[in-house]
Structures are given as C-alpha cells and as structure tokens.
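> Provided herewith is a single structure, encoded as structure tokens, for subsequent inquiry.
The values are calculated or read from the model by the stated rules, or taken from the named source; none is laboratory data. All values derive from a computational prediction rather than experimental measurement. So basically every Cβ, Gly included, is an ideal-geometry build from the backbone, and we count neighbours across all protein chains shown.
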C-alpha cells in the first residue's frame, strides 16, 4: 500500500526525493530562520556593547587625565621642597661653609582630583553575556583597561600618602635643627614616591584607554 499525498502517489525516485526535500526543508527552514534572527540579535548586542564600553572608557579617560595633571602639579611641589630641604640639610652639616641659607620655595595650595571611574557598561556587558560575543582583540584591550582602572580605584594608599605628606609640609618646625630637616626630607620622600606611583599607574591606565578606544576613533 502506497501513501496518497497531496502531491499524488510516489511513483518515481524523483517524486520521493521531492517529498524528502520538502520534509527536510520544513524542518531546516525554521532552524535557519531562528539562527539568522539570533545572529542579527547578537550583532546588534555587540554594536551596543562596544558603543557603551567606548563611551564609558572615553569618559573615564577624561576624568583620569585631569586627576593625573593634579598629581603632576603636586609632584613638582614635592621636588622643589625636597631640593630646598636637601640644600638646607647640607648647609647645617657644614656650618662654617659660609654659604647663604637657601630660600624656601613658594608653598602653593594644590587641589588633588581623585577620579570617579565607572564600570557600569562593563558590568552590564558581563550580565548580558555580551563579552563572549566581542572580537577577541577588542575584548582583550577593554579587559586590560578595566583591570588597571580597578587597581587604580581599589588601592587608595598612594593618594592618601600623598595628601598626608602634603599637609605635613604646612607644619612649622625648627629649621635650625638638622634632625628636624632630616625628618621633613623623609616625609617629602615618602610623599614623592606615592605621587610617582600614582602618576605611573595613571599613565598605564590612560594608555590602556587609548588602546581600547583606538578602533572607536577616539584618542
């Protein structure tokens, strides 16, 4: 007994193949359509994610650049103060040298800017599973930028050390006592090292931002 289909009885191999093709097409077509739709959705998610990450990195870079400049100003102040106290320390060690006492540099107020760096776009991309869809090279660059940003934001000790030592410079001391000058030199050296560490980490993070934004047309 042969099946009687809408296409008529299967009387030949060609008709059988046509029947099989229709069945296979009926099964595969919805799968192909679903894959096509998923591909479009994934592509749109990748575009939105890359745009959001680039915008957040661009904003964070601007904030960090301003912060870095404020620390550079403090670094110059520490350097001037260190040279002054170093010259004074040497003079106190040779009181018969007859050299005039060095003049203290101007102690200007320095406003330090601590950047408020966000990672909202990165967290959203992680929760939405969009990170796995990103091109590997761009994902690597964004990952490095957010990693260094995290190191910069999580470790506040350099900033606190710099602020503490900068405040200590305003404390009056007896500059005729060489031990006081030594203590001041030590405090300045600690603050200077903290500022240098902050600047170095900021420079590395800024470079990471630049690499992550290179493909987005941002410098």
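> May I ask you to verify whether residue 108 is closer than 30 Å to residue 135 by Cα and surrounded by fewer than 14 Cβ atoms within 10 Å (Cβ to Cβ)?
Judged against the criteria, residue 108 is not a match.
> Please pick out the residue among 200, 194 that is part of a helix (DSSP H, G or I) and surrounded by 18 or more Cβ atoms within 10 Å (Cβ to Cβ).
Just a single option satisfies the conditions, and that option is 194.
> Go through (1) assigned to a loop (DSSP other than H, G, I, E, B); (2) crowded, with 16+ Cβ neighbours inside 10 Å; (3) within 14 Å of the chain's Cα centre (by Cα) and name the single condition residue 118 misses.
Residue 118 satisfies every listed condition except (2).
> Do you know which residues across segment 141-171 are assigned to a helix (DSSP H, G or I) and surrounded by fewer than 13 Cβ atoms within 10 Å (Cβ to Cβ)?
147, 151, 154, 157, 160, 167
> Which one is nearest to the chain's Cα centre (by Cα) among residues in segment 179-191 that are touching a residue at least 60 places away in the same chain (Cβ under 8 Å) and crowded, with 16+ Cβ neighbours inside 10 Å?
Taking the candidates together, the pick is 191.
> Something else: Can you tell me how many residues within segment 204-219 are out of contact with any helix residue (DSSP H, G or I) (no Cβ under 7 Å at 6 or more places or on another chain) and on the phi < 0 side of the Ramachandran plot?
Matching residues across segment 204-219 total 3.
> Sticking with this structure for a sec: At positive phi, at pLDDT below 95 and loosely packed, with under 13 Cβ neighbours inside 10 Å: which single residue out of 98, 93 fits that description?
98
> So, in segment 75-88, exactly how many residues are touching a helix residue (DSSP H, G or I) at 6+ places or on another chain (Cβ under 7 Å) and either outside any helix (DSSP H, G or I) or within 12 Å of residue 169 (Cα to Cα) (or both)?
Looking only at that region, the number is 4.
> So which residues in segment 121-140 are assigned to a helix (DSSP H, G or I) and surrounded by 12 or more Cβ atoms within 10 Å (Cβ to Cβ)?
121, 122, 124, 125, 126, 131, 133, 138, 139, 140
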